[in-house]
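A short write-up of the structure that comes next.
None of the figures in this text is laboratory data; all of them are computed from the coordinates on show. Remember, it's a predicted structure, so these values are computed and weren't measured experimentally. Please note: Cβ atoms are built from the backbone with ideal geometry, for glycine as well, and neighbour counts cover all protein chains shown.
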Amino acid sequence: MKNFSNRLKEERKRQNMTQQDLADQLHISRTSISNWEVGRNYPDLEVLVRLSEVMNLSLDHLLKEDIDMVEDYSQKIKTSKKKSTIIKVLAGILIGLFVVTGLSLKLFVVGWDVESKNVRIDYAKTPDNNATLRIDSKNNRKVELVKNGSDEMRVVEKFEPFFIKRPQKFSYYSIHSTTEQFQQLKFKDRKVSINWTIINNADKQYHYQKYPL
């Protein structure tokens with residue numbers, strides 16, 4: 001019974017090709033051809049297809065009656081499918097991590113523009129002569145002012161991780177200034193101008209007054 005090794009050697013000689021001739025057409029080493037013809041190993045699937053094309057032989061003819069070779073390829077295909085599944089799972093996990101990381105950055109670090117109706121702003125002129133502007137979230141979230149140009153500040157909300165969230169109901173963030181550091185606050189829905197004259201002329205005390213939005 002002929003196997004792949006015998007059939008390959010026989011067909012190569014029938015077509016008047018040396019091992020080197022065949023190797024050159026397949027772009028592999030002559031040693032690889034020699035190993036196949038003595039049954040030391042088999043070509044991989046991609047090379048096997050090229051081999052059938054170069055020698056003008058069908059895959060069925062090359063593999064005919066070689067049970068060991070067929071089983072070898074069958075096992076390689078199963079292994080390849082397992083690797084493919086593992087790669088897909090890992091890719092899914094990585095994509096999930098990127099999504100979670102991006103969402104976490106958005107929620108806890110970068111924040112998002114808040115609508116003016118969801119915040120309270122008040123002001124005071126402190127005894128140490130600082131003008132203080134306080135921003136408070138009506139949603140009990142962290143509120144920050146972010147520089148958005150030379151004379152504008154964005155009002156953003158952020159989530160706080162449960163393990164560092166402050167126990168008080170509202171979170172206030174103060175901006176102290178002895179000069180007019182910015183002229184307006186930018187909300188998601190509109191912009192609000194800041195009248196520093198009113199704030200600087202307020203009584204020097206820690207009594208905060210509501211700033212109109």
Distance between modelled label sites at N41 and D122, nm, 7 Å Cα→Cβ extension:
7.9 nm
Within the stretch 1-57, trypsin sites (Lys or Arg not before Pro) in DSSP loop having at most 14 other beta-carbon neighbours inside 10 Å:
K2, R40
Beyond 29 Å between alpha-carbons counts as too far, so tell me which of K138/K191; K158/K204; K88/K188; K9/K88; K125/K186; K64/K88 fall in that bin.
K158/K204; K88/K188; K9/K88; K64/K88
With a point put 7 Å past each Cα toward its Cβ, work out how far V110 is from R190 in nm, to one decimal.
2.8 nm
